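Read through the structure below, which is laid out as structure tokens, and then see the notes.
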Amino acid sequence: MDSEDPRALLDFSWVEGISDPRARTKAAHQELIRVQEAADELSRIRREGAEQLNLQGMKPTELGRLLGMSRQRASKILKEGPPPERVFLGRGKLTIAVGEKKEAAKEHGAQGPAVAAEDMAAYDMLSTLARDLGLESCFERVRPPGFIDTNRDNLIVICGPRLSPIVGQLLESDRNIGFDRDKNGWFLHDKKADMMLRSPMDEGTDADYAYFGRLPRLDGQGFFLYVAGIHAVGATGVVHWLTSNLGEIYNQIGHKRFSTIIRCEFDPTTMQVTASERVAPVYLQTGKEA
């Protein structure tokens, strides 16, 4: 919003001035959501700053003096509010877009596009993680042939490059890790280490590899979080790993563009992930490793 727009300030007289009660109620509701999201984000930023000052040796008494509050209240800041690492996922309501693939025709008629059960499991786990961090999320299908609007904030995409030419094109910009395929199928290529990682599933082992990183938006105005396994279960493995390592990777890279490879193991009966680990460095697009 423009800095002179009263909606950018804590002045809501423009809302009160709306004569139509339906429009006024809707506008007040939308502004309340906006202000609450802003308050949550400022609370997160304040907590992160307070934690950094605490690590530098600042005592609660000094923090209270800095903020004009009691020592007891300052101490609570270190525990209250959204955890700093939640911004790794986004700053507001998340859109989690999941790729659909065309199913083969069935005996009694054609089968429409469908989301793999493992990708849905990844979505469920990710939306649960977001909810635990105080973030709302919504589900979106990436329908064949895989067109998706990447020019949005708070976007997370779970979709292999074979399902979306747009994703495949954006993956080409990653100088460190990428998908590739040959006569033996798809694999992940760690370009820095010159190492090809093929899915253990293709040889009968209950494990898979997945790409995890940030890709550039088509408009060049930021990035979106991207997850894709060689097989669908690999995406679930990424979320399994992220749930336990969110704080660590946020502290490592913050908001920078990155990519890495996650390996997971799973129960072949339930397809639930039982273990996950990072098996490549966290590459930054600058060429540095974290």
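Observations on the model:
- Residue that is surrounded by the most Cβ atoms within 10 Å (Cβ to Cβ), among those in region 52-87 that are in contact (Cβ under 8 Å) with a residue 40 or more places away in the chain and not small (Gly, Ala, Ser): Arg86
- Ser173 polar (S, T, N, Q), over 16 Å from the mean Cα position of the chain (by Cα) and over 19 Å from Trp241 (Cβ atoms): yes
- Arg198 among the basic types (Lys, Arg) and at pLDDT 95 or above: yes
- A single member of Arg278, Arg198, Arg217, Arg263 is touching a Phe, Trp or Tyr at 6+ places or on another chain (Cβ under 7 Å) and closer than 26 Å to Asp149 by Cβ, and it is Arg217.
- Cβ separations smaller than 6 Å between residues 6+ apart or across chains give the following pairs from region 252-275 residues that are assigned by TED's automatic domain parsing to the domain that holds Gly204 and under 21 Å from Gly178 (Cα atoms) to residues that are among the aliphatic types (A, V, I, L, M) and in a loop (DSSP other than H, G, I, E, B): Ile253/Ala290; Phe258/Val282; Thr260/Ala280; Thr260/Val282; Ile261/Val279; Ile261/Ala280; Arg263/Val279.
- Taking the conditions (1) surrounded by fewer than 24 Cβ atoms within 10 Å (Cβ to Cβ); (2) assigned by TED's automatic domain parsing to the domain that holds Leu188 in turn, Glu289 satisfies each one other than (2).
- Candidates Gln285, Gln272, filtered to the one that is over 16 Å from the mean Cα position of the chain (by Cα) and at pLDDT below 95: Gln285
- In this entry, Gly204 passes the filter for residues that are more than 27 Å from Pro82 (Cβ to Cβ) and either assigned by TED's automatic domain parsing to the domain that holds Leu129 or surrounded by fewer than 17 Cβ atoms within 10 Å (Cβ to Cβ) (or both).
- Any hit, region 41-51, residues being in contact (Cβ under 8 Å) with a residue 40 or more places away in the chain and under 21 Å from Pro82 (Cβ atoms): yes
- Among the residues of region 214-251, those that are touching a residue at least 60 places away in the same chain (Cβ under 8 Å), assigned to a strand (DSSP E or B) and within 13 Å of the chain's Cα centre (by Cα) comprise Leu215, Phe224, Leu225, Tyr226, Val227, Ala228.
- Residue that is surrounded by the most Cβ atoms within 10 Å (Cβ to Cβ) [pool: residues in region 114-135 that are touching a helix residue (DSSP H, G or I) at 6+ places or on another chain (Cβ under 7 Å) and under 26 Å from Pro84 (Cα atoms)]: Ala122
The values are calculated or read from the model by the stated rules, or taken from the named source; none is laboratory data. All of these numbers come straight from a predicted model, not from anything done at the bench. A quick note on method: Cβ atoms are made from the backbone with ideal geometry, for glycine too, and the neighbour counts reach across all protein chains shown.
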